[in-house]
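Working notes, beginning with the structure itself.
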Amino acid sequence: MNRAPLVARKMLQYPFARAYSSGVAAAVASAATSTVDGPHTRPVVKTAIPGPRSKALLEEMGKSLSTSQVAFFTDYEQSCGNYMVDADGNVLLDLLTQIGSLPLGYNHPAVMAAVSSSSALTPLVTRPSLAMFPPSSWPELVQSTLLPLAPRGLSEVTLMMCGTCANENAFKAAFINYMDVKREKPLTPDSEEYSSTMLNQPPGSPKLSILSFMGGFHGRALGTLSCTHSKPIHKLDIPAFDWPVALFPRLQYPLDQFVRENEMEEKRCLAEVEEKMEKAAKAGEPVAAIIIEPIQAEGGDNHASPNFFKGVQSIAKKHGASFIVDEVQTGGGATGITWAHESWGLTEPPDVVTFAKKMIVAGYYTTLDKRPKEGYRIFNTWMGDPIRLVMLKAVAAEIRSKDLLSQFRESGDVLLSGLRELEVQELNCTQELFFGKEKVSLIERSATPFWYTGPGARVHSAPLTATPPIRETPSFQRFAAKGLIWEGVGRWE
Ligand SMILES: Cc1ncc(COP(=O)(O)O)c(C=O)c1O
C-alpha cells in the first residue's frame with residue numbers, strides 16, 4: 001500500500017505557500033511549500049505516540065492536573081510552520097493547528113518579529129484594563145487592525161477573551177438591545193427594573209431567550225452552553241436555560257443531485273424556526289437573538305445554502321431579534337474569504353458577528369447603534385489584549401502581502417476537485433468528507449462498510465469495534481495510482 005499522503009502529492013503540482021487556515025487543505029498545501037523556511041520538510045515519526053517522554057510527563061502532570069484530554073506533550077520551540085514537534089522528537093504535520101487557532105502555523109517569523117520589539121514588552125509586563133485605562137496607542141491599533149478586517153457594514157468592535165466569552169457578551173448585547181427597543185419609558189433610578197434585577201426577577205431580569213440550532217457549538221459557559229447542542233458530554237449535569245432549539249438542515253450530497261430534496265429540507269427547517277419563534281413569544285419568553293454558525297464544525301461539519309441563512313436572518317428581523325453569526329471557527333479566512341457569511345449575499349449585514357481563534361483576539365463586531373449607552377454593561381477586567389492585536393496586525397499583513405487567501409482558495413479547489421473525482425468514480429458514495437464550505441461524498445454505500453483512517457479521518461460507516469483486515473479494493477488502487485488517497489483507506493471485509 002502506498003503510504004504517502006497522496007492528496008498532498010496531487011497538490012504538490014501547485015506553487016502553494018503556507019495557507020491561512022486550520023484545515024486539511026491548508027496543512028496539506030503547507031506541506032507542499034511553505035513561506036516559512038524551517039528545519040522540517042516532512043513528518044518523521046520515531047516512537048509510538050505518546051512516546052516515552054510524553055508518557056512520563058503525563059504521569060507527572062496527572063499528580064496535580066487533569067490529563068484526560070492530553071494527547072502528547074509538545075516541543076513548541078522546535079515546532080515550525082505546520083510541523084509540530086512532540087516531546088519525543090516526532091515531527092508531525094499538524095492538521096489541527098491548536099484547535100484551529102494558529103493562522104500562520106508555529107513560530108512564524110513575521111509574528112515573532114512583531115512581538116520581539118521592545119515596545120511589545122511593556123503590555124506583556126503590564127497588561128492594561130483596556131476599557132478603563134487604554135494606552136494612547138490603542139485607538140490607532142484598533143483602527144489599523146480590527147477595522148480593516150471588519151465584516152461589511154459592521155464598524156463597532158468589542159473585545160473579549162475567548163470565543164465563548166465573545167458569544168456570551170453578544171447575547172448580553174442582544175438582550176440589552178431588545179429591551180432598549182421594547183422599553184416604553186426611560187429608566188430612572190427608582191425604576192422597578194433596578195430593584196427587581198437584584199433578585200433575578202422581571203422586569204429588570206426579563207424572560208427572554210436565544211434560539212440556537214441542533215448540532216451547534218457556541219461555547220461552554222452557562223448561557224452559551226444552553227445554545228450548544230453538539231455533544232451531550234459538554235452539557236451533562238449543568239443546568240440549562242430552556243431556550244428554543246431548531247433543526248439545522250441535513251443536506252444530501254452530491255448537492256447537484258439533491259437540489260429539490262435539499263430545498264425542501266431547508267424550507268422545513270425555516271418553518272420550524274418560525275414556529276419556535278412564535279411559540280417562545282406566546283410562552284412569554286420571546287427570542288431576542290438567533291445564533292448560528294456558517295458551518296457547524298464541532299457538531300459534525302453541517303452545511304446549509306445561502307438561502308437558508310438569508311431565511312434565518314429575515315425571520316430574526318421580523319421578530320425583532322438579533323441575527324448573531326458565530327464565526328469563531330470560520331472567521332479569519334478559514335473558508336478562503338475573511339468571513340464565511342460574506343459568501344451568502346446578504347442585503348444587510350448580520351447584527352453581530354463573533355470571532356476568536358484565527359483572529360488571535362476574540363470579540364464581536366456589530367453596528368454602532370447596538371452599543372449600550374451605559375458603561376460597565378459589557379465589561380471585564382481586560383477587554384482584550386494589546387499584544388494579541390500586535391500579533392493580529394502582523395498576521396493580517398502577511399496574509400495580504402502574500403495573498404494567502406487566494407492561495408488557500410486555489411489549494412482548496414484542487415483538493416475539492418480531487419475529492420469530486422473520487423465521488424464521480426464511486427457512484428454509490430454515501431458518507432461525506434468535508435472540505436471548506438462543501439461536503440463531498442467518499443465512502444461507498446455498500447453492505448460491506450468502507451472505512452478510512454489517517455490524517456483527518458472521521459468517517460466510519462460502521463463503528464470500529466476491532467481492527468479489521470484491510471484489503472485494497474480495485475478502486476483504492478485506482479485512486480492511489482492517481483495520487484488521490486491518504487494512507488489507510490480500505491474495505492472492511
Ligand atoms: C463555533 C464556535 N463557537 C464558539 C467556540 C468557543 O470558543 P472558545 O473555545 O475560544 O471559548 C468554538 C470553539 O471551538 C466554536 O467552534
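The values are calculated or read from the model by the stated rules, or taken from the named source; none is laboratory data. Being a predicted model, the structure only gives us computed values, none of them experimental. Because the Cβ atoms are built from the backbone with ideal geometry, glycine has one as well, and the counts that use them run over all protein chains shown.
Is it the case, given these coordinates, that residue 94 is outside the structural domain of residue 355 (by TED's automatic domain parsing), farther than 30 Å from residue 324 by Cβ and free of Cβ contacts under 8 Å to residues at least 60 places away in the same chain? Against the criterion (outside the structural domain of residue 355 (by TED's automatic domain parsing), farther than 30 Å from residue 324 by Cβ and free of Cβ contacts under 8 Å to residues at least 60 places away in the same chain), residue 94 does not qualify.
Selection of segment 205-240 for residues being of a type in the set (A, V, I, L, M), assigned to a loop (DSSP other than H, G, I, E, B) and within 11 Å of the ligand (Cβ to nearest atom) yields only 221.
Do you know which residues across segment 37-77 are in a loop (DSSP other than H, G, I, E, B), without any contact (Cβ under 8 Å) to a residue 12 or more places away in the chain and of a type outside the set (Gly, Ala, Ser)?
Result: 37, 41, 63, 65, 67, 69.
Going residue by residue through segment 357-368, is there one that turns out to be more than 30 Å from residue 406 (Cβ to Cβ) and either in contact with a Phe, Trp or Tyr (Cβ under 7 Å, 6 or more places away or on another chain) or more than 13 Å from the ligand (Cβ to nearest atom) (or both)? Within segment 357-368, one or more residues are more than 30 Å from residue 406 (Cβ to Cβ) and either in contact with a Phe, Trp or Tyr (Cβ under 7 Å, 6 or more places away or on another chain) or more than 13 Å from the ligand (Cβ to nearest atom) (or both).
Within the option set 310, 357, 317, being at pLDDT 95 or above and buried (at least 22 other Cβ atoms within 10 Å of the Cβ) holds for one residue only, 357.
Considering only segment 242-257, I want to know if a residue exists there that is part of a helix (DSSP H, G or I), assigned by TED's automatic domain parsing to the domain that holds residue 348 and either crowded, with 18+ Cβ neighbours inside 10 Å or out of contact with any Ser or Thr (no Cβ under 9 Å at 6 or more places or on another chain) (or both). Step through it out loud before you land on a result.
The initial filter retains those residues of segment 242-257 that are part of a helix (DSSP H, G or I), namely 255-257.
Of the ones still in play, those that are also assigned by TED's automatic domain parsing to the domain that holds residue 348 are 255-257.
Going one step further and asking which of them are either crowded, with 18+ Cβ neighbours inside 10 Å or out of contact with any Ser or Thr (no Cβ under 9 Å at 6 or more places or on another chain) (or both), we end up with 256-257.
Yes, segment 242-257 contains at least one residue that is part of a helix (DSSP H, G or I), assigned by TED's automatic domain parsing to the domain that holds residue 348 and either crowded, with 18+ Cβ neighbours inside 10 Å or out of contact with any Ser or Thr (no Cβ under 9 Å at 6 or more places or on another chain) (or both).
Within segment 105-186, which helices (runs of 4 or more DSSP H) (wholly inside it) include 1 or more residues that are modelled with pLDDT of 95 or more, out of contact with any Ser or Thr (no Cβ under 8 Å at 6 or more places or on another chain) and under 26 Å from residue 347 (Cα atoms)? In segment 105-186, 138-149, 163-182 are the helices (runs of 4 or more DSSP H) which contain 1 or more residues that are modelled with pLDDT of 95 or more, out of contact with any Ser or Thr (no Cβ under 8 Å at 6 or more places or on another chain) and under 26 Å from residue 347 (Cα atoms). Quickly run through segment 301-346 and pick out the residues that are of a type outside the set (A, V, I, L, M, F, W, C), assigned to a loop (DSSP other than H, G, I, E, B), more than 12 Å from the chain's Cα centre (by Cα) and within 15 Å of the ligand (Cβ to nearest atom). Correct list: 303 only.
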